[in-house]
Structures are given as structure tokens and as C-alpha cells.
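The values are calculated or read from the model by the stated rules, or taken from the named source; none is laboratory data. Predicted model only: the values in this text are computed from it and were never measured. Neighbour counts are summed over all protein chains in view; Cβ atoms, including those assigned to glycine, are modelled from backbone coordinates with ideal geometry.
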Amino acid sequence: MAQVYTTLSGHWIGRYDYNGRGAPVAFEARIDEGPQGVLGDITEPNSFKNGMGPSLSAHMSGARAGDSVSFIKTYHGLSTLNRPMYDGTVNAALTRIEGGWRFDDPQLGTGAFSMVRVEPKALEKSLGVLEELGLRGV
């Protein structure tokens, strides 16, 4: 029997792209949805900031209203100018989110993203697959 979800809380994996320019970037997220909104932490390979090591971490904060999800990603150790805004749609089962991301200044980048919920046991297997595909940072 499939798990029934009532919130976005849980483990997620996903990817974002730069509108077809360059390789997509994989990420892992831990989300908590509650009265304070949608909060979480994201880890991804460092694809854009020299001198910050092989991976980047970020905090996400936002909200969900029905099937609409929006959040801002704030990277640890980077300027607040590097805060992409994400807007997406979650499916009825609360297991997949798809949408787009952007900066206030579109010259800094825009693109699409998708993410899927994974159970903790499946997370380790999924991370191994991402590593084999070269989509997971060290």
C-alpha cells in the first residue's frame, strides 16, 4: 500500500537546469512543512562558485497553498544576491514538484526544476544512482 502524505515534510531529490545551457545540477533536500511554512536544507554540487569547495548547502523557506509551492533558497556563505526563487506545482500525492526558478535579475539565471520525494531507505539507493550518473557532488 502506498504511503499517504499530508505535508511536504520528508526527504527529496531533484535537479535544476539553466534553460538548457550546461548540465543539470542534482540536489538533495530535507523539507519540514508546518505552521511556519515550508522550511528545509538543500545540498548540491558546487556548479557555479569558485573557492567554495565541491558542494554547496542552502536553507530554503517558503510556503504551500494547495498545489502551489514557492520558496527562496539562501546559500550558506554567499551573498544574499545569490538567492534564487522557486515556484512550482506539487502533484496530488505530494510526491513530485515541478516548476521554475529565477533571480530578481534574470541575467543571473533562470531555469526549470523537478524534485521527487524519497523514503529514507530508498534515499541511499537513489544517491548511489545519482553518483553513478555523475549527477551527485562529493
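Kindly provide the set of residues from the stretch 71-93 that are within 15 Å of ILE42 (Cβ to Cβ) and surrounded by 14 or more Cβ atoms within 10 Å (Cβ to Cβ), ordered by number.
Hits for the stretch 71-93 are PHE71, ILE72, LYS73, THR74, TYR75, LEU78, ASN82, ARG83, PRO84, MET85, TYR86, GLY88.
So THR74 clears everything in (1) under 19 Å from ARG117 (Cβ atoms); (2) among the β-branched types (Val, Ile, Thr); (3) under 12 Å from the mean Cα position of the chain (by Cα) except one condition, right? Which one?
(1)
Contact list please: Cβ distance under 6 Å, first residue in the stretch 19-38 and in contact (Cβ under 8 Å) with a residue 40 or more places away in the chain and among the charged types (D, E, K, R), second residue in a strand (DSSP E or B) and surrounded by 11 or more Cβ atoms within 10 Å (Cβ to Cβ), pairs at least six apart or on different chains.
As it stands, the answer is GLU28/ILE13; GLU28/THR43, since those pairs meet every condition given.
Quick check, is GLU131 charged (D, E, K, R) and modelled with pLDDT under 90?
Answer is yes for this residue.
Which residue pairs have Cβ atoms closer than 7 Å, lie 6 or more positions apart in sequence or on different chains, and pair a first residue in the stretch 96-118 that is within 13 Å of LEU8 (Cα to Cα) with a second residue that is in a loop (DSSP other than H, G, I, E, B) and among the polar types (S, T, N, Q)?
Qualifying pairs under 7 Å: VAL116/THR95; ARG117/THR95.
VAL25 passes all but one of (1) over 17 Å from THR110 (Cα atoms); (2) touching a Phe, Trp or Tyr at 6+ places or on another chain (Cβ under 6 Å); (3) of a type outside the set (D, E, K, R); which number fails?
Exception for VAL25: condition (1).
Can you find, within the stretch 1-44, the residue that is modelled with the lowest pLDDT among those that are of a type in the set (A, V, I, L, M, F, W, C) and outside any strand (DSSP E or B)?
The selected residue is MET1.
Across the stretch 45-83, what is the number of residues that are in a loop (DSSP other than H, G, I, E, B) and modelled with pLDDT under 95?
Total satisfying the criteria: 17.
From the list SER47, SER70, exactly one residue is among the hydroxyl-bearing types (Ser, Thr, Tyr) and closer than 19 Å to ASP104 by Cα. Which is it?
SER70
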